[in-house]
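These notes are about the structure you will find just below.
The values are calculated or read from the model by the stated rules, or taken from the named source; none is laboratory data. These figures come from a predicted structure and were not determined experimentally. Note: ideal-geometry Cβ built from the backbone for every residue, glycine included; neighbour counts use all protein chains shown.
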Amino acid sequence: MNQKADMTRRKVLVGGAAAAVAAAATLVTTGSALAAGYKTADLGLFSAINRVKDAANMTGLEKKHAPVIKAPAKVSKGETVAVTVSVGVLPHPMTDAHWIERVRIFTEEGGAVADVSFARTGVAPVVTVNIVVGASTTVVAQAFCNLHGIWESRHSLSV
Ligand SMILES: [Fe+2]
């Protein structure tokens, strides 16, 4: 690749990054008068899906955001199992400036299970769904924080 083509490619990549940040800013400012919350948003957390890096040494952000999935590890084929997803091993704030917007639950194969939006106050971000397990699968849960991005956890259901 010649130098001119390489510079053009860099401009495109930089443009793409700027678009991603703009989208994150739009997400953070959704709703009314979040100026104080906006100042504390970590836009770096909006560039990818966040996961716990070391379960034995979780950071404060990981403790308050990573979904906690409660479900059996071993199930029978065709069994209906309750899967409960809560957000964080420590409670996450649910205030007008900082809250969990929604929780999505799906299977690794792409099967949608639940997509629940939450009010900012007066509710805990906890979802329980009953899943009929036809074959071994992995349940994926994602929590969306208005200031700290998307957090994901997984849980295997083995038949
Ligand atoms: Fe948060």
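Could you tell me how many of the residues in the range 118-159 are assigned to a strand (DSSP E or B) and within 16 Å of the ligand (Cβ to nearest atom)?
Adding up the residues that qualify gives 10.
I'd like the full set of residues that are of a type in the set (Gly, Ala, Ser) and more than 13 Å from the ligand (Cβ to nearest atom), limited to the range 93-115.
Scanning the range 93-115 gives Gly110, Gly111, Ala112, Ala114.
Quick check on the range 42-50. Is at least one of its residues modelled with pLDDT of 95 or more, within 18 Å of the chain's Cα centre (by Cα) and under 30 Å from Val159 (Cα atoms)?
yes
Collect the residues in the range 72-111 that are among the aromatic types (Phe, Trp, Tyr) and either at pLDDT below 95 or crowded, with 18+ Cβ neighbours inside 10 Å (or both), keeping them in residue-number order. Can you show your working first?
The first filter runs over the range 72-111 and keeps only residues among the aromatic types (Phe, Trp, Tyr), leaving 99, 106.
Passing the criteria: only Trp99.
Name the single residue that is surrounded by the fewest Cβ atoms within 10 Å (Cβ to Cβ) among those in the range 39-59 being without any contact (Cβ under 8 Å) to a residue 24 or more places away in the chain and part of a helix (DSSP H, G or I).
Step by step, filter the range 39-59, then rank; the result is Ala56.
In the range 62-85, what residues are under 16 Å from His148 (Cα atoms) and under 12 Å from the mean Cα position of the chain (by Cα)?
If the condition is that a residue be under 16 Å from His148 (Cα atoms) and under 12 Å from the mean Cα position of the chain (by Cα), then Glu62, Lys64, His65, Ala66, Pro67 are the ones that fit.
Would you mind stating whether Ile100 is of a type outside the set (Gly, Ala, Ser) and touching a Cys at 6+ places or on another chain (Cβ under 7 Å)?
Spelling it out, Ile100 is indeed of a type outside the set (Gly, Ala, Ser) and touching a Cys at 6+ places or on another chain (Cβ under 7 Å).
Looking at the range 126-151, which of its residues are more than 17 Å from Lys74 (Cα to Cα) and within 12 Å of the chain's Cα centre (by Cα)?
If the condition is that a residue be more than 17 Å from Lys74 (Cα to Cα) and within 12 Å of the chain's Cα centre (by Cα), then Ala141, Gln142, Ala143, Phe144, Cys145, Asn146, Leu147, His148, Gly149, Ile150, Trp151 are the ones that fit.
Which condition breaks for Thr26 when tested against (1) modelled with pLDDT of 50 or more; (2) within 14 Å of Gly149 (Cα to Cα)?
Going through the list (1) modelled with pLDDT of 50 or more; (2) within 14 Å of Gly149 (Cα to Cα), Thr26 breaks only (1).
Applying the selection to the range 60-85, what residues are within 16 Å of Val113 (Cβ to Cβ) and either touching a Pro at 6+ places or on another chain (Cβ under 7 Å) or in a loop (DSSP other than H, G, I, E, B) (or both)?
Within the range 60-85, Ala71, Pro72, Val75, Glu79, Val81, Val85 meet the criteria.
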